[in-house]
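Student: Just passing along the structure, written as structure tokens.
Every number in this text was worked out from the coordinates using simple rules, so none of it is lab data. Since the model is a prediction, treat every value here as computed from it, not as a measurement. Here the Cβ positions follow ideal geometry from the backbone for every residue, glycine too, while neighbour counts run over all protein chains shown.
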Amino acid sequence: MSESAETQAFPSLGQAGVDPYSIPLEKIDVSDSEIFETDTLWGFFERLRKEDPVHYCAESEFGAYWSVTRFEDIVHVEKNPEIFSSARSIVVGDPDPDFPLEAGFITMDGPRHIAHRKTVQPVVAPRNLKLLEPLIRERVCEILDGLPVGETFDWVDRVSIELTTGMLATLFDFPYEDRRKLTFWSDMATASPVMVGAIGITEEQRRAALMECLEAFQGLWAERDGKAPADRLDLVTALANGADTKGLAPMEYLGTLVLLIVGGNDTTRNSISGGVLALNENPKEYQKLRDDPALIPNMVSEMIRWQTPLAHMRRTATRDTELAGKQIKKGDKVVMWYVSGNRDESMIDRANEFLIDRKDARQHLSFGWGVHFCMGSRLAEMQLRILWEEIGVRFREVEVVGEPVRVRSNFVKGFTELPVRVHPL
Ligand code: HEM
């Protein structure tokens with residue numbers, strides 16, 4: 001361990017040279033965003049799973065919190081929402097009291113959560129997805145056909161963002177030409193106070209961006225209020241006319257929009273980028289895909305497990321309880337590290353290998369579990385499937401030609417840049 005890490009109150013675990021096995025257990029703070037940015041998280045989680053699977057961190061940037069790192073303990077937390085509540089916050093940090101943005105129904109419990117979820121669920125239900133599929137395929141083809149063959153370009157920007165933002169615009173029936181605004185608002189919604197400084201904007205500018213988002217969507221709400229949905233239902237029409245959501249206060253509406261924008265955006269985006277990287281790091285798997293494109297649906301699940309685009313969700317204990325022998329007190333923060341549960345060898349065979357023909361590939365935690373299980377999982381899987389089907393009939397290889405740049409966040413696990421070249425068949 002470096003000397004500075006030893007002497008600091010909150011050692012920055014992402015610093016090069018820190019050995020996860022040589023620091024005292026109680027000093028491990030896996031909420032440190034640097035370990036995600038530098039991709040040095042794995043050893044810390046491996047040690048916690050082995051030595052202290054439900055781990056208490058007394059001091060961190062976000063205060064004290066418990067880490068739940070094993071698959072089965074995470075499922076236990078998810079299955080007991082009356083003990084482990086989603087209200088207050090679903091990330092390790094608490095919301096800013098000056099800007100209390102409730103993140104929609106993902107931060108609700110009980111009947112209110114169910115009612116709000118039911119209102120928008122039809123938008124991503126099988127019937128609507130069938131109607132969406134040809135449109136998504138058309139946009140995938142357009143994007144892939146426009147790629148600069150023979151040149152190095154950024155896959156994140158040209159494909160991952162472009163594709164997910166287009167899909168989101170479709171879900172909201174938001175003006176397609178303004179779709180990049182959705183990316184910007186999503187980035188603003190997930191920017192932590194630390195990131196706000198790092199990307200050169202102020203907290204005031206961040207809030208102003210979110211209020212601009214609210215204003216734009218209030219316009220769409222007014223247009224669609226009282227209107228019967230067209231053949232394909234969109235999210236704004238569903239919310240404006242739903243019995244349980246038509247009376248939403250502006251900040252509640254903003255919270256729901258943020259949930260739907262972030263939910264559909266960063267996650268799918270980072271599965272797309274992470275999948276390309278995983279195939280490059282595992283050339284044998286890439287060859288399996290070329291030899292047998294029928295593996296695509298299974299591969300998509302494996303890519304989502306491997307990437308784990310949301311590293312964690314947090315709950316708050318509603319009463320004193322016990323978890324894997326640890327005494328959790330009412331009010332304690334309990335963080336479920338999906339990124340760790342997805343590498344738990346006691347539940348997933350060869351969990352630290354990327355295998356596109358893995359048996360039971362859908363058995364992962366990237367979409368959560370239980371009552372809050374991801375509402376858009378089928379849509380995300382469909383989008384990734386179509387993308388890889390269309391890549392396969394155009395390109396022999398999407399080759400990563402430079403270092404990926406990772407997001408500095410303990411929540412959104414993904415990439416800001418991935419330099420690639422595409423090689424035609
Ligand atoms: C690979 C892509 C995706 C991943 C990895 C992902 C991951 C997650 C996770 C981990 C949760 C919380 C689950 C829990 O607490 O148990 C969640 C909830 C949710 N996701 Fe996704 N998501 C993805 C795509 C999408 C898409 C495309 C949408 C678009 C509508 C979406 C909408 C939502 C919503 C609305 C919730 C809240 C559900 C609730 O609280 O009942 N997600 N997602």
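Student: Just report the Cα centroid separation between the stretch 397-419 and the stretch 123-162, whole Å.
Tutor: Taking the Cα centre of each part, the stretch 397-419 and the stretch 123-162 sit 18 Å apart.
Student: Once the other residues with Cβ under 12 Å from the Cβ of LEU214 are scored (Lys, Arg +1; Asp, Glu -1), what is the net sum?
Tutor: Net of charged neighbours comes to -2.
Student: Continuing with the same structure: Over the Cα atoms, compute the radius of gyration (one decimal) and Dmax (the largest Cα-Cα distance, rounded to a whole number) for the stretch 62-424, in Å.
Tutor: Both quantities, over Cα of the stretch 62-424: 20.2, 60 Å.
Student: Would you compute, from DSSP H runs of 4+ residues alone, the mean residue ellipticity of the chain at 222 nm, taking -39500 (n - 2.57) per run and dividing by the full residue count, rounded to the nearest 500?
Tutor: Result for the chain, helices only: -14000 deg cm²/dmol.
Student: Okay, next question. Mind sorting CYS141, CYS57, CYS374 by how few other Cβ atoms lie within 10 Å of their own Cβ, fewest first?
Tutor: Ranked by crowding around the Cβ, least crowded first: CYS141, CYS374, CYS57.
Student: Next question. If neighbour count is taken as other Cβ atoms inside 10 Å, put TRP306, TRP42 in order from fewest to most.
Tutor: Ascending Cβ contact count within 10 Å gives the list TRP42, TRP306.
Student: Compare the Cα positions of PRO111, PRO134, GLY150 along the charge dipole of the stretch 104-225 (+1 at Cβ of Lys, Arg; -1 at Cβ of Asp, Glu; about the Cα centre) and return the one farthest towards the positive end.
Tutor: In the stretch 104-225, that residue is PRO111.
Student: Return ASP225, ASP360, ASP344 ranked ascending by Cβ neighbour count within 10 Å, so the fewest neighbours appear first.
Tutor: ASP360, ASP225, ASP344
Student: Something else: Enumerate the whole-percent occupancy of each 10 Å bin, from 0 to the last occupied one, for all C-alpha pair distances of the stretch 23-123.
Tutor: In order of increasing distance, the bins hold 13, 35, 33, 17, 2 percent.
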